[in-house]
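The values are calculated or read from the model by the stated rules, or taken from the named source; none is laboratory data. On a predicted model such as this, the values are computed, not experimentally measured, just so you know. Note that we place each Cβ from the backbone using ideal geometry, even for glycine, and neighbour counts take in every protein chain shown. These accessible areas exclude ligands, DNA and RNA; they are computed on the full protein's heavy atoms, side chains included. Shrake-Rupley method; radii C 1.70, N 1.55, O 1.52, S 1.80 Å.
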Amino acid sequence: MESASAVIAQAPGALPVLGHLAAFLRTPLAFLRGLPAHGPLVEIRLGRQRVVVVCDPEFTRTMLVHDRIFDKGGPLYERLREAGGQGLASCPAHEHRRQRRLIQPAFHHARFPGYARVMGERMQVLLGGWHDGQTVDLTTETRRIAADVVISAIFGTGLDPALHTRLATDFHTLLAGFTRHSLTPKRLRALPTPANVRYEQATRRVRRTMAGLTARYRAQAEAEAEAQARAEARPGAKAGETNLLSLLISARDPESDAPALTDDELVDQAVTMYSAGTETTAGAVCWSLFLAARHPEVRDRLTAETDAVLGGRTASWQDLPQLTYTRQVFTEAIRMYPPGWFLTRGTEADTRLGPYAIPRGTTVAYSPYLISHLPTLYPDPERFDPDRWAPGDKRPEVPVTVFGGGARKCVGDEFALVEGVLMLASLLGRWHIELHADSLSLPRLPQLTLNPGRMRATVRSRVPAGSP
Ligand code: HEM
């Protein structure tokens, strides 16, 4: 016989019609931090949408592990599918294993020295383009580097600058409008307001541009394969550069030997990787820079490390084992401001979390931000303390749930950690950052990722002119 179930607490303060939507939009982080006081599971109302927020780390883990029951769904993923189609991050569980098997090899450890080289090259170009005393918006600059790096990982080579700028602009519009769009009722989303029109146009343009690139790449890959087949007998013939798209293009269905992914599915994966891999890492680097600038003792330890290890040059794969404090700072920054901060699921069957019954069709959310601020896991959670991650400590290497968990755990976690540490070290080794007094403008509405809206700073060179 089913045991009786405990009652899921309702968050207090719901307004008629809006529920908790106003509080969620106005002060989302404070709102989330307040929820665990009401219970391990708390129901909130975002307009008419009821959402059960999981406030307990163990229940969060259970939910993530049972990804066929707690499947990708809810307003967040419904909207993500509009832009990213059925790519790896948004596809349902029954489609997920096949996609993950195809994509996982692109994130095999053996590929990282190559990715780190591309990261170093792009950082060298972009950071080397700054001049002493220049005012920069660190949000824009780090996003540009991360976008460049992800595009290189997907397409193998840089795009021509005009195309790159257009893609970056459209992605920005798309991601910036995303959360607002996902919380707006369908009939209001259909109204031709300037924001809705911009969002729709950006979505369409991104997919069109990506489709063009994918087709071009497929033709190129086929031509290269033919050329390689002709050259096969020649000793020393060089294998073509591999990257995510070339891996996916060459993947075959084991039964039919047909291409494993259609052109449309390739576009979905490219859009997914670009969205998942750009603002996340860039935001994390920005928060690291912000926190370091606000804590001079941390900044001094960081620059002592980068000076000793790098001596002003761009960081490389070989430097990573020595950049331990840089990694601690980056890790603490993603604990305090986890880029993926509020993620939804939809239950595919009646289920339970501990004593709580959860009917099929419930929207459930977990929040890496909320979990990362539980004092039971991280004493004095508002304190920025990179020494929480000192080597030798028994805790996990990264904050719990910041990269998700179970089968849907972030496929790019290692990529992000490598890129974040390399970018942070290269930047601080070479430039002193003076944040402007009005440097930080938090985005007015919560966005898909928890990024600072703008972060203005003056950069001063820390290395003598002419250094590499
Ligand atoms: C600091 C940087 C990053 C953070 C904090 C982060 C966080 C996350 C989280 C929390 C999820 C799980 C989402 C959910 O449970 O609904 C996820 C999934 C994912 N991430 Fe990341 N991510 C980061 C960087 C990246 C990068 C650099 C890439 C790609 C190059 C990437 C690609 C993906 C993909 C494709 C998924 C879906 C995985 C699947 O469902 O199998 N992420 N990420």
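Summary table
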{"item": "H94 accessible area, assembled protein chains, probe 1.4 Å, Å²", "result": "150"}
{"item": "Residues whose placed amide H lies under 5 Å from that of I358, excluding near-sequence neighbours", "result": "T351, R352, L353"}
{"item": "Value of Rg/Rh across segment 6-147 [Cα atoms, Kirkwood radius]", "result": "1.09"}
{"item": "Exposure rule at most 11 other beta-carbon atoms within 10 Å, DSSP loop trypsin sites (Lys or Arg not before Pro): the chain longest free segment", "result": "49-237"}
{"item": "Overall dimensions of segment 293-447 by Cα: Rg and Dmax, Å", "result": "18.5, 58"}
{"item": "Isotropically averaged projected area of segment 41-104, using the convex hull of Cα atoms (one quarter of hull area), nm²", "result": "5.2"}
{"item": "Net charge dipole size for the chain [Lys, Arg +1 and Asp, Glu -1 on Cβ; Debye, nearest 20]", "result": "1020"}
{"item": "Fraction of the pair-distance distribution of segment 9-461 above 40 Å, Cα-Cα pairs, percent", "result": "19"}
{"item": "Projected-area mean, segment 270-341, by convex hull of Cα positions, square nanometres", "result": "5.6"}
{"item": "Segment 9-461: relative contact order as a whole-number percent, Cα under 8 Å and 6+ apart", "result": "26"}
{"item": "Where the chain is the region considered: accessible area per residue in Å², 1.4 Å probe", "result": "45"}
{"item": "More than 18 angstrom apart: percent of Cα pairs within segment 279-385", "result": "62"}
{"item": "Accessible surface, 1.4 Å probe, highest first, among residues T262, T363", "result": "T262, T363"}
{"item": "At q = 0.12, 0.15, 0.21 Å⁻¹, base-10 log of I(q)/I(0) for segment 90-232 (Debye sum, equal scatterers on each alpha carbon)", "result": "-0.74, -1.07, -1.38"}
{"item": "CD proxy at 222 nm, helix term only [per DSSP H run n ≥ 4: -39500 (n - 2.57); per residue of the chain; nearest 500]", "result": "-16500 deg cm²/dmol"}
